[in-house]
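J.: So that we are looking at the same thing, I have put the structure below in C-alpha cells.
The values are calculated or read from the model by the stated rules, or taken from the named source; none is laboratory data. All figures in this text were calculated on a predicted structure; none of them were measured in a lab. In this analysis, Cβ positions are derived from the backbone assuming ideal geometry, glycine residues included, and neighbour counts consider all displayed protein chains.
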Amino acid sequence: MSALLLLCLGSGSALAGPVEDHVNGAIQAITNGDFDTARDLLDEAEDAAPDSPTVVLGSTIASIDYYRGMMEFFGGDRDQQTLVYWRSALEKDLSFGWDKALVADQEAEDLFEALRSEVDSRDQVEAQVPEDSTEFRVYVDGRMLSHYDAVVGGTHLVQVLCMGKGLTGDWHEFGDPPDYARMCASMGDGSADGKKEKEPKEKKEKEPKEKKEKEPKEEKPPKEPKEPKEPKEPKEPKEGGVSGAKIGLVGGGVALVAGGAATYFALYRPNYQSFEDYDDRPWDVTPEIADDIEGKHNTYRFLTLGLWGVGAAVAVTGAVLPLGDTQLRLVPLGNGLLLQGRF
C-alpha cells in the first residue's frame with residue numbers, strides 16, 4: 001500500500017475560515033471572468049459569517065459587498081446598485097482599501113473614495129454595550145466594542161462571546177442595538193450554537209417483499225482434495241529495530257508541538273496579558289489599539305493551535321503506522337513539506 005501525506009504549514013490557507021475561503025474563491029472567479037460563480041460564493045460567505053467559530057475581521061466582512069459592487073460597476077447597475085454595495089462595505093470597514101491588484105480603473109476608484117468621504121461624515125449611533133457586563137464581550141464587524149463606542153448606521157455583523165458557552169453571531173440593522181444578553185441566552189435553546197435542532201422526519205415503513213423460493217441446485221460431485229503445499233521457511237527478521245522514518249515522524253511531531261508551546265508563551269500569552277491590562281482600564285483603549293490587540297490575538301492563537309494540531313498528527317502517525325522497514329523522504333514545497341513513502 002502506498003501513502004502520501006501533505007503537511008501544509010503555511011499561515012494562509014491553513015488558518016482561513018469558511019468566510020475567508022468563500023471570499024478568496026470569489027476573487028479567483030472574478031479574475032477568471034466568472035461573475036455568476038463569484039456572486040454565489042459571496043452569498044455563501046455572507047451566510048457563513050454569523051456561524052463562524054472565530055471573530056470575523058472587518059476587512060473580510062466589508063470585502064463581500066466590495067466585490068459585489070465591483071461586479072455591478074463593470075457588468076451591471078453602475079449608477080445605483082454599485083453605490084449601495086460600496087456604501088455597505090465602507091459602513092463595515094471605513095479603512096477598506098481599493099484592490100489595485102485586481103482592478104486598476106481610476107474612475108471606479110475615484111467613485112469608491114468619494115463614497116468613503118460620504119460614509120465618514122455620517123452620524124453614528126451608540127452600540128449600547130453594557131458597561132459592567134462580565135458575562136459577554138461584543139464584537140461588531142470584527143471590532144471589540146466598549147460601552148462608549150458607536151457604529152455607523154446600517155447592517156453589521158454582531159458577534160457575542162458568551163462566557164462558558166462560546167461565540168454566537170447574527171446580522172443586525174443599527175439604529176437600535178440588539179439584545180446582547182438575549183443572544184447569549186438563546187445559545188441554550190437546543191444546541192451549543194443557539195439554533196434549534198430540527199425534528200427528525202418520520203420514516204415510512206416499507207412493506208416486506210415476498211421472497212421467491214429458489215429451486216434447489218443440482219449437487220456437484222465433490223472435488224478431489226489437493227496435495228498440501230510444503231510450508232515456506234520463515235524469513236529472518238531484519239535488524240535495526242525501530243526505523244529511522246518512525247523516529248523522524250515522532251521527533252518532527254514533537255518539535256512542532258514544542259514550537260506551538262514556544263509560540264504560546266512568547267507571543268500569545270504576552271498579547272493576551274496586554275488585552276487584560278487594557279480591560280482593567282478601558283478609558284485608555286482606542287479603536288486602533290483594540291483592533292491591533294484583537295488582530296494579534298487571533299493570529300497568535302491560530303498559529304499556536306496549527307502547530308499543536310499538525311505536530312500531534314505527525315507524532316501519532318509515526319507512533320501508530322507500521323513503519324518498521326519503511327523508507328520515507330521529505331520533499332520541500334512552497335508552502336509546506338511533502339512526506340512520501342511506501343509501507
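J.: All but one of (1) at pLDDT 85 or above; (2) closer than 22 Å to Asp291 by Cα hold for Ala185, so report the exception by its number.
T.: Ala185 satisfies every listed condition except (2).
J.: Pairs only if they're at least six apart or on different chains, beta carbon under 8 angstrom, first in the range 128-146 and more than 15 Å from Asp292 (Cα to Cα) and touching a residue at least 40 places away in the same chain (Cβ under 8 Å), second of a type in the set (S, T, N, Q) and surrounded by fewer than 22 Cβ atoms within 10 Å (Cβ to Cβ); list them, first residue then second.
T.: From residues that are more than 15 Å from Asp292 (Cα to Cα) and touching a residue at least 40 places away in the same chain (Cβ under 8 Å), the pairs are Val129/Ser146.
J.: In the range 1-43, what residues are small (Gly, Ala, Ser), more than 12 Å from Met71 (Cβ to Cβ) and modelled with pLDDT of 90 or more?
T.: First, pick out the residues of the range 1-43 that are small (Gly, Ala, Ser): 2-3, 10-14, 16-17, 25-26, 29, 33, 38.
When the remaining residues are screened for being more than 12 Å from Met71 (Cβ to Cβ), the result is 2-3, 10-14, 16-17, 25.
Result: Gly25, single match.
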